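Asker: Got a structure here, written out as structure tokens. Questions coming.
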């Protein structure tokens, strides 16, 4: 199994995929299923916006994913710069 650069917070894993395309974004995955995913873009100023969310996730889960990406944006941007 390939280990991706990520930050684990509870049931969420905030993942940066090495070599991924611009714009800078993070895959926020809930639980063990890759399908339970929110893709969030992180702007240069640290603001976060949703790019895509799996319909299996509730609105509250999508909101939580965006909150986590915003909270950990500095570390996630470092991962992006290192691996992408």
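The values are calculated or read from the model by the stated rules, or taken from the named source; none is laboratory data. The model shown is predicted, which means the values in this text are computed figures rather than measured ones. Reconstructed Cβ throughout: ideal geometry from the backbone, glycine too, with neighbour counts over all protein chains shown.
Asker: Is it the case that residue 75 is over 20 Å from residue 4 (Cα atoms) and touching a residue at least 24 places away in the same chain (Cβ under 8 Å)?
Answerer: Values: over 20 Å from residue 4 (Cα atoms): no; touching a residue at least 24 places away in the same chain (Cβ under 8 Å): yes.
No; evaluated as a whole, the condition is false for this residue.
Asker: Take residue 43 and decide whether it is touching a helix residue (DSSP H, G or I) at 6+ places or on another chain (Cβ under 6 Å), without any contact (Cβ under 8 Å) to a residue 24 or more places away in the chain and surrounded by 11 or more Cβ atoms within 10 Å (Cβ to Cβ).
Answerer: Numbers: touching a helix residue (DSSP H, G or I) at 6+ places or on another chain (Cβ under 6 Å): no; without any contact (Cβ under 8 Å) to a residue 24 or more places away in the chain: yes; surrounded by 11 or more Cβ atoms within 10 Å (Cβ to Cβ): yes.
Criteria not met by residue 43.
Asker: Could I ask something else about it? Taking into account only those residues within the range 58-84 that are at pLDDT 95 or above and part of a loop (DSSP other than H, G, I, E, B), which is farthest from residue 22 (Cα to Cα)?
Answerer: So the residue we want is 58.
Asker: Where residues in the range 1-17 are loosely packed, with under 13 Cβ neighbours inside 10 Å and modelled with pLDDT under 95, which of them is nearest to residue 67 (Cα to Cα)? Before you say what the answer is, go through the steps one by one.
Answerer: Of the residues in the range 1-17, the ones loosely packed, with under 13 Cβ neighbours inside 10 Å are 1-3, 8, 10-11.
Then keep just the ones that are modelled with pLDDT under 95; that gives 1-3.
Numbers: 1: 28, 2: 26, 3: 24 Å.
Of everything passing the filter in the range 1-17, 3 is nearest to residue 67 (Cα to Cα).
Asker: What's the total number of residues in the range 53-70 that are farther than 15 Å from residue 11 by Cβ, surrounded by 12 or more Cβ atoms within 10 Å (Cβ to Cβ) and out of contact with any helix residue (DSSP H, G or I) (no Cβ under 9 Å at 6 or more places or on another chain)?
Answerer: Result for the range 53-70: 2.
Asker: Go through the range 38-49 and give me each residue that's farther than 18 Å from residue 7 by Cβ and within 11 Å of the chain's Cα centre (by Cα). Step through it out loud before you land on a result.
Answerer: Applying the first criterion (farther than 18 Å from residue 7 by Cβ) to the range 38-49 yields 43-45, 47, 49.
Correct list: 49 only.
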